[in-house]
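Colleague: Below you will find the structure I want to go over with you.
Each reported figure results from applying straightforward, stated rules to the coordinates on display, with no laboratory input. Everything quoted here is computed from the prediction, not taken from an experiment. Please note: Cβ atoms are built from the backbone with ideal geometry, for glycine as well, and neighbour counts cover all protein chains shown.
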Amino acid sequence: MPAIVLVGAQWGDEGKGKVTDLLAGRVGYVVRYSGGNNAGHTVITPDGQKYALHLMPSGALSPNTVIVIGNGVVVDPKVLLDEIDGLAERGVDVSRLLISGDAHLIMPHHRALDRVVERYLGSARIGTTGRGIGPAYGDKVARIGIRAQDLLDPGILRQKLELVLREKNQVLVKVYNRKALDAGAVVQEYLAYAQRLRPYIADTRTVLWRALERGEAVLMEGAQATMLDLDHGTYPFVTSSNPTAAGACVGTGIPPTAISRVIGVTKAYTTRVGSGPFPTELFDELGARLRRIGDEYGTTTGRERRCGWFDAVVARYAVRLNGITDLVVTKLDVLSGLDKVPICVGYEIDGRRVDEMPMTQTALHHARPVYEELDGWLADLSKARTEADLPAAARRYVERIEELSGTRVSVVGVGPGRDENVVRHDLLP
Ligand code: IMP
């Protein structure tokens with residue numbers, strides 16, 4: 001059995017947890033490869049219980065799945081321990097968790113800097129989740145980060161933290177007029193976390209190689225999404241890691257040749273939280289309707305999501321960039337009841353029609369969507385389980401997504417419940 005990558009094909013919150021649900025129990029390992037507790041996924045178990053996870057891989061709720069936090073993830077130990085405790089309180093055994101010794105830790109100075117830098121940017125702010133994600137990745141690249149393995153060596157932890165705080169405290173105090181952090185207190189706090197996290201810290205890449213060699217299936221679970229990728233997204237309005245399929249290799253140590261499928265998840269419309277260009281955004285009652293019916297409020301921050309129509313330029317870009325073999329289209333039911341459903345098939349930029357993602361950020365800011373209007377449908381879709389159960393217009397909408405994006409749609413979500421799907425093709429090879 002191979003490695004399978006799961007990626008968001010838009011700006012996040014596409015419903016990736018739903019796909020992990022579909023595959024749960026059929027894969028031996030679920031590994032997260034990027035981001036941190038900026039993510040938020042809701043998983044609904046067969047007995048109807050709802051769990052909101054931020055850092056834990058969503059396989060946490062499948063009792064026989066090993067759950068792995070890969071080296072590409074940034075870990076806030078307090079958040080992780082709170083999630084472990086929250087799951088344990090509800091009877092979920094998390095002894096199957098492994099954390100890469102190479103994963104970087106989110107430290108108090110990262111959270112402090114994330115918030116203060118955003119304030120400083122004013123109207124140019126990114127709209128981050130304020131969880132310290134960007135500063136933690138910044139320190140990783142600057143080679144002054146602190147890793148999970150440093151929790152195993154108190155002397156090293158103290159030495160690294162004292163060194164880094166010497167500089168960060170200068171910045172906090174002298175540039176941003178904040179209080180300095182006390183290195184001793186932070187070390188004590190993190191050593192307490194170390195006591196509890198020690199059993200989970202492991203050489204995860206070897207564990208994953210061995211699993212693949214034994215023929216077990218490994219699901220590489222993306223957080224955030226294609227358009228939030230640091231290199232390929234709408235920079236600078238992006239996250240600070242690589243949520244795209246290539247990032248799955250870097251963030252786990254699994255080689256590209258082990259990957260046999262890339263599953264991309266997209267909503268039947270589009271949402272985005274935070275700042276940045278979003279060509280099909282709706283500012284009228286139709287946008288408010290999508291937000292209301294789709295319940296479009298952030299799992300992590302509770303912020304209202306910006307809503308708009310499906311953008312096939314983004315879909316095509318995501319398919320080519322990630323090598324998506326199967327698309328999962330979620331929330332098709334939210335579009336029921338519309339007379340016409342517009343799909344953005346290209347952009348008009350400064351008087352020119354373009355079908356590809358423009359090269360410059362300025363051009364994307366100027367992009368006006370070119371819409372094709374498809375017939376809507378009135379029926380409630382939630383009971384549909386096969387393609388034949390869908391109204392003809394809804395089927396046509398899905399087929400048009402296939403044609404425009406350039407890959408097959410394997411699953412269509414028709415409601416929030418874990419079985420509320422139309423499965424057209426099996427997601428596992
Ligand atoms: P950061 O990842 O907290 O630095 O935030 C950077 C940008 O990514 C902001 O626009 C966030 O709203 C967005 N973002 C980060 N994580 C998610 C997510 O899981 N879903 C949707 N947007 C996200």
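Colleague: How big is D for the chain, in µm² s⁻¹ as a whole number, if Stokes-Einstein is applied with the Kirkwood radius of its Cα pairs at 10 °C and 1.306 mPa s?
Modeller: The diffusion coefficient I find is 72 µm²/s.
Colleague: Hey, what D do you get for region 104-199 in µm²/s if you plug the Kirkwood alpha-carbon radius into Stokes-Einstein at 10 °C and 1.306 mPa s?
Modeller: Reported coefficient: 114 µm²/s.
Colleague: Something else about it: Tell me the angle of helix 392-405 to the major Cα principal axis of the chain, expressed in degrees between 0 and 90 and rounded to the nearest ten.
Modeller: Tilt of helix 392-405: around 60 degrees.
Colleague: Excluding residue 381 itself, what net charge comes from residues whose Cβ is under 13 Å from its Cβ, given Lys and Arg +1 and Asp and Glu -1?
Modeller: Local charge sum for residue 381: -1.
Colleague: Right, here's the next one. Sticking with the crude label model, points 7 Å out along Cα→Cβ, report the distance from residue 293 to residue 408 in nm, one decimal please.
Modeller: 2.9
Colleague: Write out the trypsin sites (Lys or Arg not before Pro) in region 129-180 meeting two conditions: DSSP loop, and at most 11 other Cβ atoms within 10 Å of their Cβ.
Modeller: Details: sites: 131, 140, 143, 147, 158, 160, 166, 168, 174, 178, 179; in loops: 131, 143, 178, 179.
When the trypsin sites (Lys or Arg not before Pro) of region 129-180 are filtered for loop state and at most 11 Cβ neighbours within 10 Å, 143, 179 remain.
Colleague: Still on this model: Compute the long axis of helix 77-89 from its Cα atoms, compare it with the longest principal axis of the Cα atoms of the chain, and write down the angle in degrees, 0 to 90, nearest 10.
Modeller: On a 0 to 90 degree scale, this one is about 70.
Colleague: Please give the per residue volume of the convex hull enclosing the alpha carbon atoms of region 1-123, rounded to a whole number of Å³.
Modeller: Spread over its residues, the Cα hull of region 1-123 gives 130 Å³ apiece.
Colleague: Distance check, please: which entries in 50/168; 140/267; 50/78; 78/174; 78/140 exceed 30 angstrom between their Cα atoms?
Modeller: 50/168; 140/267
Colleague: Given a 10 angstrom Cα cut-off, can you work out which residue in 266, 239, 325 is the most mobile in a GNM of the chain?
Modeller: Ranking 266, 239, 325 by mean-square fluctuation puts 325 first.
Colleague: Now, a different point. Can you tell me the equivalent ellipsoid semi-axes for region 285-429? Use √(5λ) from the Cα gyration tensor, largest first, whole Å. All intermediate terms of the calculation are to be shown ahead of the outcome.
Modeller: Numbers: eigenvalues 130, 71, 52 Å².
So the three semi-axes of region 285-429 are 25, 19, 16 Å.
Colleague: In region 344-393, which chymotrypsin sites (Phe, Trp or Tyr not before Pro) fall in coil by DSSP and have 15 or fewer other Cβ atoms within 10 Å?
Modeller: none
Colleague: Also, I was wondering about something else. If you build a Gaussian network model of the chain, linking Cα atoms that sit under 10 Å apart, which residue out of 401, 156, 133 swings the most?
Modeller: Among 401, 156, 133, the largest GNM mean-square fluctuation belongs to 156.
Colleague: So, one more: Within the chain, what percent of beta bridges assigned by DSSP are antiparallel, to the nearest 5?
Modeller: Within the chain, antiparallel bridges account for around 40 percent of the total.
Colleague: Could you work out the helix-only [θ] at 222 nm for the chain, with each DSSP H run of four or more residues adding -39,500 (n - 2.57) and the total divided by the number of residues, to the nearest 500 deg cm²/dmol?
Modeller: -9500 deg cm²/dmol
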